[in-house]
Amino acid sequence: MTKAKGLEVSLAVAEAVKQANVDVIAAYPITPQTHIVEELSVYVANGELDAEYVPVESEHTAMSASVGSSAAGARTYTATSAQGLALMHEILFIASGLRLPIVMTVANRALSAPISIWNDHGDIMAERDIGWVQIFAENGQEAYDLSIAAFKIAEDHRVLLPVCVNIDGFILTHMIEPVLFIDQKKIDAFLPPFNPALTLDPKKPVTMGPVGVPEVYAESRKQCEQALINSREIVAEVFDQWGKTFDRNYKLIEKNGPDEAKSLFITMGSMGETTMTAVQELTDSGESVGQVRIRLWRPFPKKEFLNAIAGAEELIIIDRALSPGSHNGPVAQEVKALLYDEPVKPRVHNVIAGLGGRDVTVKDFKKMYAMSRKNELDPNYTIWGVRSDA
Amino acid sequence: MLNNPGLENFEKITSKNLPRENYISPGHRACQGCAEILALAMVMKVAGPNTIVANATGCMEIVTSPFPQTAWKLPWIHVAFENTAAVASGIEAGIKALKRKNKYQDDLPNVIAVGGDGATADIGLQALSGALERGHNFLYVCLDNEAYMNTGIQRSSSTPYGASTTTSPAGSQSIGQQTWKKDMPGIAAAHNIPYVATANPGFHLDLMNKVKKALTINGPAYLHIYSACPTGWRSKPEKSIEVSKLAVQTNVFPLYEIINGKLTITKKINKPKPVVDYFKTQRRFAHLKEDDLKFIQQKIDEQLARLQRLETDKE
């Protein structure tokens, strides 16, 4: 393997999309997604990537044009953040409902109001039920690798669903990280050309997006959900194949730290790396603590998650989004619902941290751990670091 | 023809060489006397089999696609209400890229986006503007039945002044629709696209030739088709063609085309009938009083005079 190259993560993602040899990119600029699509437009402008770059007038059109181009049989990519993702909302359901394997990067950013360009997961958490495969990358290497793997997952005929790769805005998108790039030939061998199941072909006319009368609507939605549930296996298969081919292994759910750890931090996205530093330091000082990273968020890998937390007495679930008026943040809701059927349940603490780009440091995680040991965290959830003078 | 190389050897459609094949099957669920589906079928007749259609949510989408049935013999996609121009632009871009990369073996198809007046002049105006501005090679067809008919005759910005609809009802304090019909063809033309035209299924050859020109020309084209709606207009279903013709004969809906910015009135009415003749055919206008009709007649005359000025404009 060649030497790692220091590169801004957005540019590494653009490189991945270029290497996936996409046919169409339809995108609208929004901070912090911009560097990805700017770079792709440069590739198209100088002929490094033979694709149509459609500079649309909104994110709603970015997703709508993506639906059109994917239905026409073109490998299609887009990227967005926060308000842009929210503007796409309506069409996101249609992309999965029509079983179109679009790949999208979400550079996660907080939703307005107040307007914030900085990171949290509020944008994608508002889109949990869009029926897409949803993956969270943790660092630059993962962002690059999973952006390529996403096409293979999406286009697999057992899946045929859109895939969204989440990367934390600024914290990842604008960070220069060491990334190992893969030879184009190896990527071409890994990712065959897009072979759509059905296209808008005048020689074989099909009707896409017909009216779903009450007699068929439920069946149609059930089929889509089944496809999403079934995709878990294919995601695992593609990750496995990635590991064997490129020697970087990804699991749907990843457990770090001592096997027998009594307390486990549950994280998604880039915060996992900071948590791991805290876990390391706590372990060194004799605490029994580990970490579980959720890499695949939808479909939620139930079995893998339960295996990963087996034996733990306590979970500290970090949510990077608020679910206003609910009992917990979105990740904790998910986990608690899952634990209901389990005979032995760990205690669950839920910390909502890092909203709107608020820095969460190693010290913070250590403090969360200390508070959880003393049962000082709120029984439902604690919004971390809210100043009482504000 | 008018500085457009694509139209130099344009062979006109006449009653003798009219395309015979239909691409929308009978048995669809459009209302009796629906002139919108008639116009849509005429568009597709001209477009022929090498065509992909993107259809906005609306009457035409609903009546042609109740799963497991479909009236379409062409590849057809419905995504949502406000985005059909965006979907069409994606289809066009996708096939263009595939063709260039040798992954699409056939001749480039016609890409046609179809939307009603609400989908075009209201909720889909932004997506349409974007697609026209970006220069995609596609035809956008607005089938204008002058209100949200699919949801039950609510007013749109394309509803004519004075028409009573379910959300612009005539009442003691209201004339009905209080605003003048939005000039959609004018808005499309302001994008400096190569082809814009108005059409009307009551003048089928004029309509079909405009479709053919729009598809011949390279670049975005916009066709605004008057689509009589007996259900929404409270007119007689068997009179739809008569009503359609009257709209032109009274200059309520003038027929013209704009090729590379040059406007030509394609159906000149030497002795226009009074607007009231047209209004009498539809109960949506039944409440209008003499003064209202006088005002509308005056505005219609001004509207035509403006088109005539544009036609003679030498620049």
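Taken together, the values in this text are just the output of simple stated rules run on the coordinates, not laboratory data. What you see is a predicted model; the values in this text were computed from it and never measured. Here the Cβ is made from the backbone with ideal geometry for all residues, glycine too, and neighbour counts use every protein chain on show.
If you go through the range A:347-390 and keep only what is under 26 Å from the mean Cα position of the chain (by Cα) and in a loop (DSSP other than H, G, I, E, B), you end up with A:Ala353, A:Gly354, A:Arg358, A:Asp359, A:Val360, A:Thr361, A:Asn380, A:Tyr381, A:Trp384, A:Gly385.
Here's a check for you: in the range A:34-54, which residue that is more than 7 Å from chain B (Cβ to nearest Cβ) and either among the aliphatic types (A, V, I, L, M) or within 26 Å of B:Pro75 (Cβ to Cβ) (or both) is surrounded by the most Cβ atoms within 10 Å (Cβ to Cβ)? Give the derivation first.
Restricting attention to the range A:34-54, the residues satisfying the condition of being more than 7 Å from chain B (Cβ to nearest Cβ) are A:34-49, A:53.
Then keep just the ones that are either among the aliphatic types (A, V, I, L, M) or within 26 Å of B:Pro75 (Cβ to Cβ) (or both); that gives A:36-37, A:40, A:42, A:44-45, A:49, A:53.
Details: A:Ile36: 32, A:Val37: 27, A:Leu40: 25, A:Val42: 15, A:Val44: 17, A:Ala45: 10, A:Leu49: 22, A:Tyr53: 20.
The qualifying residue surrounded by the most Cβ atoms within 10 Å (Cβ to Cβ) is A:Ile36.
Quick one: is A:Ala79 outside any helix (DSSP H, G or I), buried (at least 24 other Cβ atoms within 10 Å of the Cβ) and facing another protein chain (nearest Cβ under 7 Å)? Working first, answer last.
On the way: outside any helix (DSSP H, G or I): yes; buried (at least 24 other Cβ atoms within 10 Å of the Cβ): yes; facing another protein chain (nearest Cβ under 7 Å): no.
No; evaluated as a whole, the condition is false for this residue.
If you go through the range A:237-280 and pick out every residue that is closer than 29 Å to A:Arg358 by Cβ and among the acidic types (Asp, Glu), you end up with 2.
The residues in the range B:41-59 that are in contact with a Gly (Cβ under 7 Å, 6 or more places away or on another chain) and either under 18 Å from B:Asn22 (Cβ atoms) or more than 7 Å from chain A (Cβ to nearest Cβ) (or both) can be counted, and the count is 3. The set of residues from the range A:55-76 being of a type in the set (Asp, Glu) and more than 7 Å from chain B (Cβ to nearest Cβ) comprises just one member, A:Glu59. The sole residue among A:Glu260, A:Glu281 that is acidic (Asp, Glu), out of contact with any Ser or Thr (no Cβ under 9 Å at 6 or more places or on another chain) and surrounded by fewer than 18 Cβ atoms within 10 Å (Cβ to Cβ) is A:Glu281. Applying the set (1) buried (at least 16 other Cβ atoms within 10 Å of the Cβ); (2) assigned to a helix (DSSP H, G or I) to A:Tyr217 leaves exactly one unmet item: (1).
If only one of A:Ile124, A:Ile135, A:Ile117 is β-branched (Val, Ile, Thr), farther than 25 Å from B:Glu92 by Cα, in contact with a Cys (Cβ under 8 Å, 6 or more places away or on another chain) and not in a helix (DSSP H, G or I), which one is it? I'd like the intermediate steps shown before the answer.
Details: A:Ile124 fails: not in a helix (DSSP H, G or I); A:Ile117 fails: in contact with a Cys (Cβ under 8 Å, 6 or more places away or on another chain).
Matching residue, one of A:Ile124, A:Ile135, A:Ile117: A:Ile135.
Taking the range B:146-164 as the search range and keeping residues that are among the polar types (S, T, N, Q) and touching a Phe, Trp or Tyr at 6+ places or on another chain (Cβ under 8 Å), which one is farthest from B:Thr179 (Cα to Cα)?
To start, the set of residues in the range B:146-164 that are among the polar types (S, T, N, Q) comprises B:150-151, B:154, B:156-159, B:164.
Remaining after also requiring touching a Phe, Trp or Tyr at 6+ places or on another chain (Cβ under 8 Å): B:154, B:156, B:164.
Numbers: B:Gln154: 14, B:Ser156: 10, B:Ser164: 12 Å.
Taking the candidates together, the pick is B:Gln154.
Of everything listed in (1) surrounded by 24 or more Cβ atoms within 10 Å (Cβ to Cβ); (2) in contact with a Ser or Thr (Cβ under 6 Å, 6 or more places away or on another chain); (3) more than 14 Å from chain B (Cβ to nearest Cβ), the single unmet condition for A:Phe136 is (2).
Having 3 or more residues that are over 19 Å from B:Gln308 (Cα atoms) and in contact (Cβ under 8 Å) with a residue 12 or more places away in the chain is the bar; report the strands (runs of 3 or more DSSP E) wholly within the range B:178-283 that clear it. In the range B:178-283, B:221-226 are the strands (runs of 3 or more DSSP E) which contain 3 or more residues that are over 19 Å from B:Gln308 (Cα atoms) and in contact (Cβ under 8 Å) with a residue 12 or more places away in the chain. Restricting attention to the range B:34-54, the residues that are assigned to a loop (DSSP other than H, G, I, E, B) and surrounded by fewer than 21 Cβ atoms within 10 Å (Cβ to Cβ) add up to 3. Within the range A:307-335, residues that are touching a residue at least 40 places away in the same chain (Cβ under 8 Å) and at positive phi sit with their Cβ atoms under 9 Å from residues that are crowded, with 20+ Cβ neighbours inside 10 Å and part of a loop (DSSP other than H, G, I, E, B), at 6+ positions apart or across chains, in these pairs: A:Gly311/A:Ala261.
Among residues of the range A:93-103 being touching a residue at least 60 places away in the same chain (Cβ under 8 Å) and hydrophobic (A, V, I, L, M, F, W, C), the one that is nearest to the other protein chains (Cβ to nearest Cβ) is A:Ile94.
Rundown of residues vs (1) surrounded by fewer than 17 Cβ atoms within 10 Å (Cβ to Cβ); (2) under 29 Å from A:Ala74 (Cβ atoms), yes/no style:
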| position | (1), (2) |
| --- | --- |
| A:Asn195 | yes, yes |
| A:Leu200 | no, yes |
| A:Lys251 | yes, no |
| A:Thr275 | no, no |
| A:Arg295 | no, yes |
